[in-house]
Amino acid sequence: MVGDWRDDLEAWLEPFVAALRHKTRGRMCPSYVAGLIGPGDRKSVQPMAARSGGASYDQLHHFVSSGVWDAAPLETALLTEADAQIGGDDAWLIIDDTSLPKKGTHSVGVAPQYASTLGKTSNCQTLVSLTLARREVPVMIGLRLFLPEIWTSDLARLDRAKVPEARRDYRTKPEIALEEIDRARQADVRFGCVLADAGYGLSAPFRQGLSERGLTWAVGIPYKQKVYPADVTMIFPVSGRGRPRERHIPDVKSVTAKAMLEAANWRTVSWRKGTKGRLSARFAAVRVRVADGPTQRIHDMGAQHLPGEEVWVIGEHRSTGERKYYLSNLPADTPIKQLAGAIKARWVCEQAHQQLKEELGLDHFEGRSWQGLHRHCLMCMIALAFLQSRRLKQAKGEKKNLRTSATTQPASSAPSHP
């Protein structure tokens, strides 16, 4: 059985090996990916080389850390494979980030920052992730390191970590995410809706960037995100004294998402079947204009954001008592069950993060350079895509066998009742 998956891997990796355009590198890529997939608790270069029969430590280390090869063709091959596996109008493109805890200070991008894995601020690296998912099958297609400002402002530190010139300017996580989305779209990856948590959804430029690209999206937001009623009207206020106003203002004040939904119709909605039965929560949804337009002074309230795009504001009351809020530009006639399904589909990216770390050694890389870290991440994503391809193939085989057995079942063995 071990030989089977290794043989399958060699054949499956042919497009990636071809993209490397080099005989020696073409041997190292399968060896590295096989080391990530194979047995062993530690997936850093030294133990993988010790378990490998075809590559030494020096060869694997050179391949991932300092070898002269371009990762872009392999990244494109990964995007093509992911789209072939699960791409389509019913697929989700999920934006998130994952953290890699670190003890030292020299690894590229490491700094005290919020670690989503730990749920607190800790010394770590943070990677912005893109996951293509359909139903419950995730394939990770992008991991890009976020550089905190203490890194981008320290040229000596950037030099030591060999950060490329094009990556040295400070970029927020939402800005990195939009760049990655553009890369996926340029490779013709097919998906129907972009999903993200409140860490990205609170960014007006991120939401507006998605809309400007003509994308459908559903994102988390803080409860205090300001919104206007959908029927808000822009008027010229009448002033009793002084010069007349030159600009329109809204005829009503903006309120928080939480306040907007207080009087809404809440109902219990189930979005999928879990291991312990149907998953459900109470949801409410109202059409609004999100307050993320240009700022303007309004009466005595100071500078306020004017009404922007018309969207859904959605609330979720969980059985634990926790309340969450979301925005989505899904069409105005979208049923609330479909809104809830889009919001809750984001969980599957956590499954991909977990498998990348627990099974494929995403957080085991011991190098310090930008290039080494991103190449290791790429090999981990390729390994995950291979495993998902085998699972999908096995699932199709099981369905085919079930259909065959049903059609060939003798009449005498059929059950006597429905």
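The table for this structure:
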read-out: Nearest-0.05 FRET efficiency for Arg27 and Lys120, computed from C-beta distance (R0 45 Å); value: 0.60
read-out: Nearest-ten-degree value, helix 23-37 long axis tilted from longest Cα axis of the chain; value: 70
read-out: Value of relative contact order over segment 44-146, rounded to a whole percent, pairs C-alpha under 8 Å and six or more apart; value: 22
read-out: Extended-chain gain in nm, criterion 0.36 nm per residue less alpha-carbon gap, Glu366 and Ala50; value: 112.2 nm
read-out: Antiparallel content of DSSP bridges confined to the chain, in %, to 5; value: 90
read-out: Estimated FRET transfer efficiency when R0 is 51 angstrom, pair Arg267-Ala11 (beta carbons, to 0.05); value: 0.50
read-out: Which of Pro294, Gln46, Thr80, positive extreme of dipole for the chain (C-beta unit charges); value: Pro294
read-out: Simple Cβ-charge dipole of the chain, Lys/Arg +1 and Asp/Glu -1, about Cα centre, in debye nearest 20; value: 860
read-out: Footprinting exposure proxy for Thr233, Thr256, Thr131, Thr275 (fewest neighbouring C-beta atoms within 10 Å first); value: Thr275, Thr233, Thr256, Thr131
read-out: Rel. contact order, % - alpha carbon contacts under 8 angstrom, at least six apart, segment 217-329; value: 29
read-out: Fewest-first ranking of Met381, Met28, using other Cβ atoms within 10 Å as the exposure measure; value: Met28, Met381
read-out: Distance in nm between pseudo-label sites at Arg247 and Val68 (7 Å out along the Cβ direction from Cα); value: 5.5
read-out: Cα long-axis angle, helix 2-12 against the chain (0 to 90 degrees, to the nearest 10); value: 60
read-out: Gaussian network model of the chain, Cα within-10 Å springs - most flexible of Thr320, Thr295, Thr334; value: Thr320
read-out: Spin-label pair Glu358/Asp41, simplified geometry with 7 Å Cα→Cβ offset, distance in nm; value: 1.6
read-out: Length added when fully stretched, Ala259-Arg160, from 0.36 nm per residue minus Cα-Cα; value: 30.6 nm
read-out: Dipole of the chain, positive end: most advanced residue of Val189, Ala285, Thr105 [Cβ charges, Cα centre]; value: Ala285
read-out: Among [x] 23, 49, 24, 5, 0; [y] 26, 53, 20, 1; [z] 25, 60, 16, 0, the entry derived from the coordinates for P(r) over Cα pairs in 20 Å bins from 0, in percent; value: [x]
read-out: Degrees, to the nearest 10: 173-186 long Cα axis against longest axis of the chain; value: 60
read-out: Under 14 Å, Cβ to Cβ, from Gln113 - net charge with Lys/Arg +1 and Asp/Glu -1; value: +1
read-out: Where labels lie 7 Å past Cα in the beta-carbon direction, separation of Thr76 and Leu215 in nm; value: 2.1
read-out: Subset of Lys273/Lys396; Lys173/Lys273; Lys103/Lys162; Lys120/Lys337 violating a 24 Å alpha-carbon distance limit; value: Lys173/Lys273; Lys120/Lys337
read-out: The chain: relative contact order as a whole-number percent, Cα under 8 Å and 6+ apart; value: 17
read-out: Computed [θ] at 222 nm, deg cm²/dmol, the chain (DSSP H ≥ 4; -39,500 (n - 2.57); rounded to nearest 500); value: -11500 deg cm²/dmol
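Since every read-out is calculated from the coordinates, none of them should be taken as a lab result. In this text, all values refer to a predicted model and were calculated from it rather than measured experimentally. Using ideal geometry, Cβ is built from the backbone for each residue, glycine included, and neighbour counts are taken over all protein chains shown.
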